[in-house]
Structure formats: C-alpha cells, structure tokens
Amino acid sequence: MVEPSFDIPRSAGAAGKRLDSWKEIAGYLNRDVTTVQRWEKREGMPVHRHQHHSRGSVYALASELDTWLEGRRVILEDEKAEQEPVPSPDSPSPVPPWRSRSLWVILATLVAVVLAASAWLAHRSHSRSNALPKIRSLAVLPFRNLSGDPAQEYLADGVTEALIGRLAGIHDLRVVSHTSVMRFRNPQMSVPQIAKVLNVDAVVEGSVLREGNRIRVTAQLIRAATDEHFWSETYDREMRDALTLQSELAQTIAEKVAVTLNGQEQQRLAAARLVAPEVYESYLKGRFELNRASDRAEMEKSIGYFNDALRQDATFAPAWLGLAEAWTSLGTIMVGGSPVETRPQVIRFTKQALALDPNLVEAHVLLGNVLHEEWQWSEAEAEYRRALDLNPNDATARAGYAFWLMCEGRTDEAISWVESARALDPVTVEGDDVAWVLFQARHYDEAIRESRSALAADPENVGDLMDLGFSLIAVNRAAEAVPVMEKAVALSHGGPAAIGVLIRAYAHSGRRSDALRVLDELKRRRASGYVPPAAFVNAYLGLGDVNQAFYWLDQASNEKSNILQYVKTHPYFDPIRNDPRFAVLIRRIGLE
C-alpha cells in the first residue's frame, strides 16, 4: 500500500524549538489544531502538560515531533478519503465496503449528535438570556472605604457620587440618586431587599482603597431578583487618573446592563480629564462636608475646600458647582442667610460651572431654582427643560419644574410632576416636597396624610413638621398645629421661618398673648441680625394686622423673598387678595 508522505515544511534549526501551545504545535506541523490534538490522542504524538495542569496548557519539543514523524506513517482520515490504496499480492485483504460504509454512518451520526447538542445548549443559553428581564433601573450603593481610616471616607463617597452622576445621564436607565442610596452605607438588609425598597432591577456594590498616589476601585453588578453577581472588575490607577477610572467604570456598567446609548450619552460617559490629586481631594472633601452639613459652620467649611480646589485649578467645573450648592444652602430660610447676599453668588458660580461643562445637569437645575427665586420665570423654565433634556429621569429637575408650575398657578400639573419625581427617587424628593405642593393646591387632607406619613419615618424632620403645621392651620386645627410648630422651632434652633408659622398657630388657636410675646422676640433678633421678612409676613397675617403684613411684604419684595414665589396659590394670602396693594405686588413679581 502506498502511504502518504509527510511533506511538513520546517526551517533549519527548528528541531530544538519548544512549542508552547496547540496553535504553535499545529503551525509547526502545518495542520489545524483539531488534527494535531487527534494525533496526540490516537497516535501517541509526544505532547507534554505543564505541571499546573491548566486546561489547554501544553507544550511539545520540535525534535521529539520530528523523531515521531520519522518512525511512523500516519494515515489521516481526510487523506484516506482522497487516496485508494493500491493492492499487491502480498498486501492484506482490503477493508470490506460494507464495513467502510458502517464507519462513515457511525461518524456521521456522531457529528449529527454533537451538532444537535450544541444547538440545544445554544438555544438554552439564549432562552435563559431572553427570560431575564431587561435592566431598566439601577442603584449604586455607597462604596466601602477599605483603608481602615475613617478620614478617607470622603474618597469612597466621591467615587459613589461621581459614578451615579455619570450613569444618571443615560435616558434608557433610571439611576437612584446619591441622597437616596446613602442611607444604605451600612445596610442590615440583603441586596434583594435593598433593591425592593429602591425599586430597581440591579445594584452596583464596590470598594475603594487609597495607597499613596494610587487608587484601587473594585465594583460588581448584582441582578436584584436573583442576587446573581454577573460582573466584577478591579481598576487600579493613579489618583490623577481618577476621573478616567470613573469614566471607564461607568461605560463598562452601561455595556453590561445592555442599555441603549445615543451619541451624546456615549460622549458624556467617555468624557474625562486629568486632574491633580490635590485638586480632586479638596473637591471631594468639600462635597463630603456639604452632604452632611446641618449648620452654617459646616457649610462654610465645605466652601473652604471648594475654594482651595479652584485656587489650584480654576477650570475644574465640579468645584464651581460645589460652591454654588454651598451658597444655596447658606441662603435657605432654615439657615437664615440673606438671599440678597447668596443668590448673586449662586448665579455666578453656576454659570461658571456651565461655561466649563454645559452638560452638568445639577448646574442647570440649580440655576433654574435661583432664576425662579429671582422671578426670571421664562429663563428658569428654560433651565429646567434643558436639565430634563439631558436627563429626563433626574428627580430634582422634575421637582424643580413642579414648583415652577405651581408658582404659575398650574397646580394640577405641579402635582403630577412632583409625584413623578418622587416615584423616580423617593428619598431625594421627600414627603415635604409633595405635601407642600398639595398644600398650595388646597388638597389639605392629602397634604396632612403625606406629612404624617413622612414624620412616622423621620419624626424630627423640620420640613415635614412645618408642612404639617401649615396644613393643620389651614383646616382650622391650629391647636393641633401649636405643638407641631413648637417642635419645629426647637429642632431648627429657633429658625425664624418656623417661628413665624408658630406665631400664626398661637394666634389662630386663641393664644394671642403667646403670639405677641414670640413676635417681640423675633423683633429683638432682627435688631441684632438678619431675620427673613417672610417670618413677619406669616406672623402679621396670622394676627390679622393687614397693614403690617403689607409693610413686610414690601420688604420681602425688595429682596425677592421666597414666600413671594407663591403669591398666586398660597392659601395664607387669601384674606388680602382683593386689596389693591396685592394686585400691584403680583404685577411687580411678574405673575399676572
């Protein structure tokens, strides 16, 4: 029988070569990998395994392969099919045709079985994939600080907030806000339980470790319904590449949850810049202080960190936004800052942030809020709509737009928008936001239920207490409102806004002497420091002193006090709506 020759090309000097994979072995023998694996199994071709026995980890020596080839003549199945053996008198009888056909039948059957099994496995995998619901909502839980140093907590918080901010810009994905997830910093609940509370399909968990100038971030994705960990990865970068790290992480998560990205969203996810470690750290410390600030001193501390970051890099847009947010907090009625001093700063810092990064959703919302307070109604609406174009799932943008609608007198629309905002983020958009809109819309019973429900979860929330007090007074239950407002005053450390409503509660419950006593205290405070005019407006309207109420309304209009945003809807203005002075006030505010 004539046997096929092995005309395998080999270069001179190749005999001593070590071949470290099936691919290299196949290339040396000029055959495919399947063929040489079959030779090793059936024909004893010399192939060695590495000691660790990893799958596919093999090697062969070219010299041993050459010796094996010289000593054997292997008839390949594919070559056998092409060549008929030449019979000779001394050769054994050829294989009977029926036996050859039987072998081919068996081989064909085996191939069919293998193909069928592969198709079934592929179908099963595809069906399982299709059976899992698409991930449409996501929560990024607070990343753990693995440094062992509580002073490094700001870094883990910063990575968490930055990742949320990047993912929140995807239209196809609802992402729970930073405020909402922070209560799960040290959760006592399982991931499926947390996901149920937050109403999300998947959860991101992670950790941050700082070592000198390097940062290591580990993250994993968990499907909420099954508690299945279906992706994890570790990123190791220098601190100056922290923003690039966050960009890569956000892009990978978007890919793994299979969301649809448009071109702008892809660009925003990929956008990153180098930032000096000291700049980024100052910024993160500022955010950390601001997020937990409850008084003026803590807010001013955050401003110091943001200013420090900007002294080193004035082009870092997030630090400008941080400054704007801190000055906004200083100007709230709870803190008692003068809007005449704070709002120009907020506008300047927010516009600077947007000049550097026009896609900062939070900056558009903040600018919308302050323009709203400044009675620039059309400009405020444009900012809210721009924020919603960038991220229609942003709860704060929806809530801001709801308040704008309410000030315009479109209360039904306002209710719809604020409720949709709370559905997206029930922690950021709290009960007091919804209760306040319901109060303005004169849905008093619903407003009271909202406030009481919120207080059941957080009995010391000043905003919820004040909303409850407003509504109880409106339905002639002022006596019930008195202890509520007394508690609000105590918890706000004598906040003037709460005091003004307490005076009204005293007056409407028949305790006029108490109302006048507290009013005198408020006057003494104004003699030595700033007290918002709105506190006196509420007090004098409650006491029925219309002339004094209009005097303080005039003072409030001079500084564009927050209370005047609601002149079209606020129930407490009802007794003076027919006064000609009130019509002048509405024209001045621009809400005719």
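The values are calculated or read from the model by the stated rules, or taken from the named source; none is laboratory data. Since the model is a prediction, treat every value here as computed from it, not as a measurement. Every residue, glycine as well, gets a Cβ built from its backbone with ideal geometry; the counts of neighbours run over all protein chains shown.
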Legend entry - Selected residue (criterion: nearest to the chain's Cα centre (by Cα)) from residues of region 490-503 that are in a helix (DSSP H, G or I) and not β-branched (Val, Ile, Thr): Leu491
Inset, instruction - Mind counting the residues in region 213-229 that are of a type in the set (Lys, Arg) and more than 22 Å from Ser190 (Cα to Cα)? - result: 2
Legend entry - From Lys487, Lys568, Lys523, residue being part of a loop (DSSP other than H, G, I, E, B) and either charged (D, E, K, R) or in contact (Cβ under 8 Å) with a residue 60 or more places away in the chain (or both): Lys568
Inset, instruction - Might you check whether a residue that is under 12 Å from the mean Cα position of the chain (by Cα), surrounded by 22 or more Cβ atoms within 10 Å (Cβ to Cβ) and polar (S, T, N, Q) occurs anywhere in region 131-142? - result: no
Inset, instruction - Name the residue, out of Ala272, Ala309, Ala258, Ala242, that is within 24 Å of the chain's Cα centre (by Cα), modelled with pLDDT under 80 and over 27 Å from Tyr384 (Cα atoms). - result: Ala258
Inset, instruction - Considering (1) at pLDDT below 90; (2) surrounded by fewer than 24 Cβ atoms within 10 Å (Cβ to Cβ); (3) among the hydrophobic types (A, V, I, L, M, F, W, C), say which one Leu356 fails and leave the rest. - result: (1)
Inset, instruction - Would you be able to tell me the number of residues in region 152-206 that are of a type in the set (A, V, I, L, M) and part of a helix (DSSP H, G or I)? - result: 14
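Results for (1) in a helix (DSSP H, G or I); (2) more than 34 Å from the chain's Cα centre (by Cα); (3) of a type in the set (A, V, I, L, M), shown as yes or no for each residue.
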site	(1), (2), (3)
Ala447	yes, no, yes
Glu450	yes, no, no
Ser453	yes, no, no
Pro483	yes, yes, no
Legend entry - 2 or more residues touching a residue at least 12 places away in the same chain (Cβ under 8 Å), crowded, with 21+ Cβ neighbours inside 10 Å and not assigned by TED's automatic domain parsing to the domain that holds Gln152: qualifying helices (runs of 4 or more DSSP H) within region 240-312: 277-292, 296-312
Legend entry - Any chance Thr234 is more than 18 Å from Ala317 (Cβ to Cβ), free of Cβ contacts under 8 Å to residues at least 24 places away in the same chain and not in a strand (DSSP E or B): no
Inset, instruction - Determine which single condition His171 fails, assuming it passes every other condition in (1) touching a helix residue (DSSP H, G or I) at 6+ places or on another chain (Cβ under 9 Å); (2) free of Cβ contacts under 8 Å to residues at least 12 places away in the same chain; (3) more than 16 Å from Val140 (Cα to Cα); (4) not charged (D, E, K, R). - result: (2)
Inset, instruction - Scan Val203, Val191, Val140 and give me the residue that is touching a strand residue (DSSP E or B) at 6+ places or on another chain (Cβ under 6 Å), β-branched (Val, Ile, Thr) and farther than 13 Å from Ile253 by Cβ. - result: Val191
Inset, instruction - Would you mind finding the one in Arg398, Arg386, Arg343 that is assigned to a helix (DSSP H, G or I), within 21 Å of Val437 (Cβ to Cβ) and not assigned by TED's automatic domain parsing to the domain that holds Leu269? - result: Arg398
Legend entry - Subset of region 321-340 that is among the polar types (S, T, N, Q) and not in a helix (DSSP H, G or I) - its residue that is modelled with the lowest pLDDT: Thr332
Inset, instruction - Within region 334-353, track down each residue that is surrounded by fewer than 21 Cβ atoms within 10 Å (Cβ to Cβ) and hydrophobic (A, V, I, L, M, F, W, C). - result: Met334, Val335, Val340, Ile347
Inset, instruction - Could you tell me whether region 571-580 includes any residue that is among the hydroxyl-bearing types (Ser, Thr, Tyr) and either part of a loop (DSSP other than H, G, I, E, B) or on the phi > 0 side of the Ramachandran plot (or both)? - result: no
Legend entry - Inter-residue pairs, beta-carbon under 7 Å, first in the same structural domain as Leu516 (by TED's automatic domain parsing) and in region 526-549, second among the hydroxyl-bearing types (Ser, Thr, Tyr), 6+ apart: Tyr530/Ser338; Pro532/Ser561; Pro533/Ser561; Ala534/Ser561; Asn538/Tyr572; Leu541/Tyr572; Gln548/Tyr540; Ala549/Tyr540
Inset, instruction - May I ask you to say which residue of Ala324, Ala319 is in contact (Cβ under 8 Å) with a residue 40 or more places away in the chain, over 23 Å from Arg240 (Cβ atoms) and in contact with a helix residue (DSSP H, G or I) (Cβ under 9 Å, 6 or more places away or on another chain)? - result: Ala324
Legend entry - Tyr506 assigned to a loop (DSSP other than H, G, I, E, B) and out of contact with any strand residue (DSSP E or B) (no Cβ under 9 Å at 6 or more places or on another chain): no
Legend entry - Looking only at region 192-213, and only at residues there that are surrounded by 13 or more Cβ atoms within 10 Å (Cβ to Cβ) and closer than 18 Å to Asp157 by Cα, the one that is modelled with the lowest pLDDT: Arg210
Inset, instruction - Could you tell me whether any residue of region 518-537 is touching a Gly at 6+ places or on another chain (Cβ under 8 Å), buried (at least 18 other Cβ atoms within 10 Å of the Cβ) and farther than 24 Å from Gly331 by Cα? - result: no
Legend entry - Test for Val462: is it under 29 Å from the mean Cα position of the chain (by Cα) and either surrounded by fewer than 19 Cβ atoms within 10 Å (Cβ to Cβ) or not assigned by TED's automatic domain parsing to the domain that holds Val484 (or both): no
